[in-house]
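See below for the structure under consideration.
What follows is calculated from the coordinates using simple rules that are stated; it is not laboratory data. Note that this is a predicted model, so its numbers are computed, not measured. Here Cβ is always computed from backbone atoms with ideal geometry, including for glycine, and neighbour counts include all displayed protein chains.
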């Protein structure tokens, strides 16, 4: 599986898990994501925006505001989606 496809699968999976938690319990989200015909440039642009938002307004902001080195979160939280969106690893 190519790295580009792996990123797409990870992002769609994170989006699906989030929307399922919000009450969207069917596969329409995945079906609609599969219908997107983004060019490589459009995909890269959208991924860069996603990374910027999740980093500057998410992980980096929390670490900076609280002078923290790590973020701890329960497994049931949205931390997986935030980590996926930011591109940062989670343990």
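Descriptive notes on the structure:
- Legend: calculated FRET efficiency, residue 90 to residue 61, from the Cβ-Cβ distance at R0 = 22 Å, rounded to 0.05, equals 0.85.
- Per-peptide average of other Cβ atoms within 10 Å, ordering 45-53, 78-86 highest first: 78-86, 45-53
- Sites residue 70 and residue 21 - FRET efficiency at Förster radius 30 Å, r taken between beta-carbons, to 0.05: 0.80
- Each peptide in 37-43, 54-60 was scored by the mean count of other Cβ atoms within 10 Å over its residues; highest first, the order is 54-60, 37-43.
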